[in-house]
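Visitor: Pasting in a structure now, in structure tokens, and then I'll have a few things to ask.
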Amino acid sequence: MDIAQVSTGLSQMNMSSQVNIKVAKMGLDLAQQTGNQITEMVKSLDIPANPQVGSVVDVRL
């Protein structure tokens, strides 16, 4: 094996690793943003003062 081939192979492996890390970071950032948006959406929901009201429905036939 010559040194040029080894050098090229190592360089390609390094580049591949860097790309994989960047893609993983992008996925993590997206998941974090989505989680923050869901948290804000849940906080904005109107929660009734008495959560027991309306939980039971009486039905007569």
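Here is a yes/no grid of residues against (1) modelled with pLDDT under 90; (2) loosely packed, with under 10 Cβ neighbours inside 10 Å; (3) not hydrophobic (A, V, I, L, M, F, W, C):
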position: Met1; (1), (2), (3): yes, yes, no
position: Gly9; (1), (2), (3): no, no, yes
position: Ser16; (1), (2), (3): no, no, yes
position: Thr34; (1), (2), (3): no, no, yes
position: Ile38; (1), (2), (3): no, no, no
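Visitor: On the given criteria, is Ile21 surrounded by 10 or more Cβ atoms within 10 Å (Cβ to Cβ) and modelled with pLDDT under 95?
Guide: Considered against the rule, which asks whether it is surrounded by 10 or more Cβ atoms within 10 Å (Cβ to Cβ) and modelled with pLDDT under 95, Ile21 comes out as no.
Visitor: Have a look at Asp58, Asp29, Asp46 and point out the one that is open to solvent by less than 100 Å² (accessible area, probe 1.4 Å) and among the charged types (D, E, K, R).
Guide: Asp29
The values are calculated or read from the model by the stated rules, or taken from the named source; none is laboratory data. Every value quoted in this text rests on a predicted model; they were computed, and no experiment measured them. All Cβ positions, glycine included, derive from the backbone under ideal geometry; neighbour counts span all protein chains shown. Quick note on the areas: whole protein, heavy atoms, side chains included, nothing else; ligands and nucleic acids left out. Shrake-Rupley method; radii C 1.70, N 1.55, O 1.52, S 1.80 Å.
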